[in-house]
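The values are calculated or read from the model by the stated rules, or taken from the named source; none is laboratory data. A quick note: this is a predicted structure, and the numbers were derived from the prediction, not measured. Note: ideal-geometry Cβ built from the backbone for every residue, glycine included; neighbour counts use all protein chains shown.
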Amino acid sequence: MKVVILAWGLWTRLSEETNIKPKPMVEIGWKPIIWHIMKLYSHYWYNDFVIALWYKWEYIKEWFSNYYLHNSDVTFDLKNNSTEIHNNNCEDWKVTMVDTWAETLTWWRIKKIIDKWYIKDDDFMMTYWDWVSNIDIKELVQFHKSHNKLATLTAVQPEWKFGKLWIDWNKITEFAEKKDNEDSYINWWFMVLNRKIVEYISWDNMPFESEPLENIAKDWELMSYKHKWFWQAMDTLKNKHDLENMWNSWKALWKIW
């Protein structure tokens, strides 16, 4: 089963870094965040990736094109203009990069990838470029196969950032401290999809969580896989620094490989 990673966006909330490089190439522990996501999938033996590109696509292509060389011991014979690779530490990955162009939204980019036959199997996985987690990918796939529906999305509980005040006629009666938001879930992108979802994609500027996802849900073809362990987005420079600190202090909970 292939893994589609949507790596096309221009992300202004990380402009300190993304003015120079695309967001998927922002580094955590000397490796781009997209590498961390791919390492998670490959831990479960999913090594065939399709990366949807747009913003600064050349940066991502060049990084992967040099990956083998940069992760090998090598001898350069300058006189004979030859190169000898002695050994390498590369992952067993196959990476297909697809230019999905500007000014189109998520679903149309997915449709382009399917229409170009980069996805040939019935099912494929999909995620964005800016999330890390210790999600059990094997269990996610098994759950998707068990219900025989078109789509599975991973649901997580949003962080509860603030305590609550219980107020009765302007009188504070109780403090509720920070707790898990047990009754609320948000879409968290680690998805398994059937290629038949293209039948729901009719125009090019479809936001992800409106059409066609709403229509798939109305047709009882959308299921949720609940993940209650670690997850973290990298939306801001603070998020980036938090992930860096976790990595450097050997507390990177997403590093299960």
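If I ask for residues that are within 19 Å of the chain's Cα centre (by Cα) and more than 13 Å from LYS149 (Cα to Cα), which ones from region 214-234 would you list? If the condition is that a residue be within 19 Å of the chain's Cα centre (by Cα) and more than 13 Å from LYS149 (Cα to Cα), then LYS226, HIS227, LYS228, TRP229, PHE230, TRP231, GLN232, ALA233, MET234 are the ones that fit.
Quick one: in region 93-103, of everything that is surrounded by fewer than 11 Cβ atoms within 10 Å (Cβ to Cβ) and at pLDDT below 90, which residue is nearest to LEU40 (Cα to Cα)? That would be ALA102.
Within region 230-256, if we keep just the residues that are in contact with a Leu (Cβ under 8 Å, 6 or more places away or on another chain) and aromatic (Phe, Trp, Tyr), the residue that is modelled with the highest pLDDT turns out to be TRP254. Summed over region 66-92, the residues that are surrounded by 13 or more Cβ atoms within 10 Å (Cβ to Cβ) and in a helix (DSSP H, G or I) give a count of 2. If you check TYR55, TYR67 for being modelled with pLDDT under 90 and out of contact with any helix residue (DSSP H, G or I) (no Cβ under 7 Å at 6 or more places or on another chain), only one passes: TYR55.
So VAL50 passes all but one of these: (1) surrounded by fewer than 17 Cβ atoms within 10 Å (Cβ to Cβ); (2) touching a strand residue (DSSP E or B) at 6+ places or on another chain (Cβ under 7 Å); (3) at pLDDT 95 or above. Which condition number does it fail? In the conditions (1) surrounded by fewer than 17 Cβ atoms within 10 Å (Cβ to Cβ); (2) touching a strand residue (DSSP E or B) at 6+ places or on another chain (Cβ under 7 Å); (3) at pLDDT 95 or above, VAL50 misses (1) alone.
What pairs can you find where one residue is in region 3-27 and of a type in the set (D, E, K, R), the other is at pLDDT 70 or above and assigned to a loop (DSSP other than H, G, I, E, B), and their Cβ atoms are less than 6 Å apart, with a gap of 6+ or different chains? Between residues of region 3-27 that are of a type in the set (D, E, K, R) and residues that are at pLDDT 70 or above and assigned to a loop (DSSP other than H, G, I, E, B), the close pairs are ARG13/ASP235; ARG13/THR236; GLU17/VAL26. Of the residues making up region 64-84, those that are farther than 23 Å from ILE5 by Cβ and within 32 Å of the chain's Cα centre (by Cα) are SER72, ASP73.
Of the residues that sit in region 28-40 and are in contact (Cβ under 8 Å) with a residue 40 or more places away in the chain and assigned to a helix (DSSP H, G or I), which one is surrounded by the fewest Cβ atoms within 10 Å (Cβ to Cβ)? Here the answer is LYS39.
Scanning region 77-112 for residues that are over 25 Å from TRP57 (Cβ atoms), aliphatic (A, V, I, L, M) and touching a strand residue (DSSP E or B) at 6+ places or on another chain (Cβ under 7 Å) gives a single hit, ILE85. Residue count for region 113-163, restricted to those that are touching a strand residue (DSSP E or B) at 6+ places or on another chain (Cβ under 7 Å), surrounded by fewer than 17 Cβ atoms within 10 Å (Cβ to Cβ) and not in a loop (DSSP other than H, G, I, E, B): 1. Collect the residues in region 216-254 that are part of a loop (DSSP other than H, G, I, E, B), out of contact with any Lys or Arg (no Cβ under 8 Å at 6 or more places or on another chain) and not aromatic (Phe, Trp, Tyr), keeping them in residue-number order. Answer for region 216-254, where residues must be part of a loop (DSSP other than H, G, I, E, B), out of contact with any Lys or Arg (no Cβ under 8 Å at 6 or more places or on another chain) and not aromatic (Phe, Trp, Tyr): ASP219, HIS227, LYS228, SER249, LYS251, ALA252, LEU253. In region 59-72, the residues that are more than 14 Å from LYS94 (Cα to Cα) form Cβ pairs under 7 Å with partners that are modelled with pLDDT under 95 and among the basic types (Lys, Arg), at six or more places apart or across chains, as follows: TYR59/LYS21.
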